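Structure, as structure tokens:
The values are calculated or read from the model by the stated rules, or taken from the named source; none is laboratory data. As the structure is a prediction and not an experimental result, all values here were calculated from the model. Methodologically, a virtual Cβ is constructed for each residue, glycine included, from the backbone with ideal geometry; neighbour enumeration extends over all protein chains shown.
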Amino acid sequence: MAEELKCVIIGSGPAGYTAAIYAARAGLEPVLYTGQQPGGQLMITTDVENYPGYPEGVLGPKMMEDFKAQAERFGTDIRYELIAEVDFTGPMHKLRTESGHEIAAHAVIIATGASAKWLGLESEQRLMNKGVSACAVCDGFFFRGMDVAVVGGGDTAAEEASYLAKLCPKVHLLVRRDEMRASKIMQKRVMNTPNIVIHWNTEAKEILGEEEVEGVRVINNKSGEESVIPVKGFFVAIGHKPNTEIFKGWLDMDDTGYLITKPGTSLTNREGVFASGDAQDKVYRQAVTAAGTGCMAALDAERYLTEKEII
């Protein structure tokens, strides 16, 4: 027989933990399933300097420990397991964990986040947080006055390069083809920024450095010629993939898999199912905005459960 719960939160980044804090304080008795990576993307982030309340900055894992402790303080039941399957036929939402445990939940808050796409280089993983990043807004500040490289040809890469160009003397934009996929306005912005150098038909072969990034070895796809570009920061901007696979067929999502919510709310197309954080936000993708939508989801869930006279 399935375990019956008022509110289940799927995911444990800033959105999931914030939803848990609000839900617990509202008497929703939330159960939070952490998923494969408890703490989300913040667990692979070193210094976080742009989250309010940490004037000296904070390590990403420490910040997630603080969020978790606050959620637990108000009674959140945190379970270190993965939700493997959902059935949102309703009105009770059925969930099954990886171990086969079955749950029936009145309200479900999704906070499964999104994962950055990587190039797959060994040196990329080895130098993660030692000069390699997937977020210029998060980490660009640490590279003020230094030359950096950005990989990608879409809007994300154009935005990252433009942002970094305000902080860095030179930004090397590595574009795999002889054209960019970015929108015309973003391409124009990049090409009109004098300290962005575009390297066409160029792929990164290896990020150089032992303890920190010192450069990148690239190859020209047309000529086959290899060269080294000296940089201190290497930003991968080839997109993000929302962790929403298990919701396909149940929830409305865009063509890249981001969940679609009713504007100004966390409501999905299924009654009693709410989406928050990077699983539904492909624009901002910041810890503080994820936390904000986690709060929204908990408040929306509280209203829903109150209307249904469940709490």
TODO: Check the range 180-189 and report whether any residue there is closer than 14 Å to residue 147 by Cβ, surrounded by fewer than 21 Cβ atoms within 10 Å (Cβ to Cβ) and either in the same structural domain as residue 150 (by TED's automatic domain parsing) or among the hydrophobic types (A, V, I, L, M, F, W, C) (or both).
DONE: no
- [ ] Give me the pairs, please: first residue somewhere in the range 168-186 and in contact (Cβ under 8 Å) with a residue 60 or more places away in the chain, second residue anywhere and β-branched (Val, Ile, Thr) and part of a strand (DSSP E or B), beta-carbon distance under 8 Å, and either six or more positions apart or on two chains.
- [x] 168/148
Open item on the list: Please go through the range 120-145 and give me each residue that is assigned to a loop (DSSP other than H, G, I, E, B) and surrounded by fewer than 17 Cβ atoms within 10 Å (Cβ to Cβ), ordered by number.
Closed with: 120, 129, 130, 144, 145
Task: the range 208-220, residues that are surrounded by 13 or more Cβ atoms within 10 Å (Cβ to Cβ), out of contact with any Lys or Arg (no Cβ under 7 Å at 6 or more places or on another chain) and not in a strand (DSSP E or B) - done: 209, 214
- [ ] Answer with yes or no whether residue 227 is out of contact with any Gly (no Cβ under 7 Å at 6 or more places or on another chain) and surrounded by fewer than 19 Cβ atoms within 10 Å (Cβ to Cβ).
- [x] yes
Task: Restricting the range 238-260 to residues that are without any contact (Cβ under 8 Å) to a residue 24 or more places away in the chain and within 21 Å of residue 90 (Cβ to Cβ), the residue that is surrounded by the most Cβ atoms within 10 Å (Cβ to Cβ) - done: 253
